[in-house]
């Protein structure tokens, strides 16, 4: 009978933290075993231990950090510029119907062009320097932020805007107290999308032409048949993508403390803690 | 003209509103005493909310004007605060911040006092989504009161609340009105609510004031009081009979103080309070 009783809150929490890692761990173990026995040739997929070893070696020489740094700098710069522009135009078109009429249809047309289709043109414009990659990231990041900001603003309850007017808020105050906070959940969704896109574009950008960055590291490794380094680069991208997504989620928790969704999350985790 | 200390004097002159070809309000003439509590009742679509929006300056009149303390209203009515049916509170601000929204200077102390008055002192730092419907309307009330408005426009503020909460809120509104002395206009479809709170009940029918009823029952008013029941019944009857297209002189109980007034076509000429108490019937 005791086995049927629900586990204690502490155990339930531990289980919830550990359980998601169970499947990846099993797969990793299987991979390691198959590689060691020789079922998977090292040329095709090296063992996890070999990849880890490659990572340690590269980290020790400082090469890994150099590539990681330049990739992060590109993604960061491109994201900042693109997201800022998206935010500015999203707000402008959201609150100013004249600006919307003037600009929105052009943005919608440009949006349908896949950023990767522009690579030949981008190389002609910027050569293979930093600007080319930053530009690509910028373009990719702009649209999700723009669209979500714009729709977030349009989705605000008109009753709240009217209330702002009746209660004597100035236009500037309506923007800062009503419009921006009201659109914030939607803006943050746009930012999460944009972060994902930023990494994808960067990978392609760095593999086309670069002299540093994780994409370059992978490309270079291909020349020397270093499968372990290639796989390491792929895993690094996954890690960086996950990291930026977690960052965006942390941002949501910080900027939307009022949102019932976040409050519920905070409450349920406190309910699970043994103190309650 | 003497301007009263707190409540403002409100008049409308030939106030009309059309949306496209549809005329929603027909030449409304009104004069409200400073500090009075007036209820506007009627079926949905009779134009009562439109009237309130014109009085607040949110919508411009098609013809005619609103006069506040002798001055014609241009743009937004700065004397007025509206309390909306849906509260219209900002979910991303705390209860206290909502109360103080748009107030200049140091408002926090006063906002806390008001929250205490509406019985929500210990909820000051909560989010709006943590409150019940009735509590939200209490916050909306505190928020409307913080600038000490001289005209309070209540747009079915209790329409979405359950019966018990409504009664509580009615008492709260009455208490605050007696305390602060603002002029209040309550739009409602609940006749009993109108009779509970208002000194004067206007029945709006198809954009015209069809009846103007003075209510001098003693406060606090009780629903089981015979006078209360009779007055509510009379008003309800007139609304319903009119609605059925039975416009020929509505029946009134024996002894009802009925007063005939000017024909509807020219509108009720209501500068100054009507002379008698009871229903004034506008028969065609």
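Evaluate the Debye formula for the range B:1-134 with equal point scatterers sitting on the alpha carbons, no solvent, and hand back log10 of I(q)/I(0) at q = 0.19, 0.22 Å⁻¹, in q order, two decimals.
At q = 0.19, 0.22 Å⁻¹ the computed log10 ratios are -1.12, -1.24.
For a quick check: sort B:169, A:217, A:109, B:83 by the number of other beta carbons within 10 angstrom, fewest at the front. Show your work: numbers first, answer last.
Working: B:169 19, A:217 27, A:109 9, B:83 24.
Lowest to highest Cβ neighbour count: A:109, B:169, B:83, A:217.
Over the Cα atoms of the range A:59-147, how large are the radius of gyration and the largest Cα-Cα distance (Dmax), in Å?
16.0, 57
So, in Å, what gap is there between the alpha-carbon centers of the range A:230-256 and the range A:92-145?
23
Order by neighbour count: A:219, A:232, fewest other Cβ atoms within 10 Å first, most last. List each step's numbers first, then the result.
Values: A:219 17, A:232 25.
In increasing order of surrounding Cβ atoms, one gets A:219, A:232.
Just from its helices, what would the mean residue ellipticity at 222 nm be for the protein assembly as shown, if runs of 4 or more DSSP H residues each count -39500 (n - 2.57) and the sum is divided by every residue, rounded to the nearest 500 deg cm²/dmol? All intermediate terms of the calculation are to be shown ahead of the outcome.
Details: 19 runs with 291 residues, N = 560.
Value at 222 nm, helices only, nearest 500: -17000 deg cm²/dmol.
Apply the Kirkwood formula to the range B:90-148: the hydrodynamic radius equals the inverse of the mean of 1/r over all pairs of different alpha-carbon atoms; give it in Å with one decimal.
Answer for the range B:90-148: a Kirkwood hydrodynamic radius of 10.9 Å.
Ranked by Cβ crowding within 10 angstrom, fewest neighbours first, how are B:172, A:136 ordered?
On the way: B:172 17, A:136 27.
Taking fewest neighbouring Cβ atoms as first place, the list is B:172, A:136.
Would you list the P(r) distribution for chain A, with all Cα-Cα distances sorted into 5 Å bins from 0 and each bin expressed as a whole %?
Spelled out per bin, shortest first, that is 1, 5, 9, 11, 12, 12, 11, 11, 10, 7, 5, 3, 1, 1, 0, 0.
Let me understand the protein assembly as shown better: what is its radius of gyration from the alpha carbons, and its Dmax, in angstrom?
Taking only Cα atoms of the protein assembly as shown, I get Rg and Dmax of 33.7, 108 Å.
In whole angstrom, note down how far apart the Cα centers of the range A:174-201 and the range B:13-60 are.
41
Mind checking the mean number of beta-carbon atoms from other chains within 10 Å of the Cβ atoms in A:160-172? The partial results should precede the final answer.
Numbers: counts 5, 1, 6, 11, 4, 5, 14, 11, 8, 2, 1, 0, 0.
Going residue by residue through A:160-172 and averaging, the value is 5.
Every number here is computed from the coordinates shown, using simple stated rules; none is lab data. Just so it is clear, the model here is predicted, and its values are computed rather than measured. Quick reminder, even Gly has a Cβ in these numbers, built from the backbone with ideal geometry, and neighbours come from all protein chains shown.
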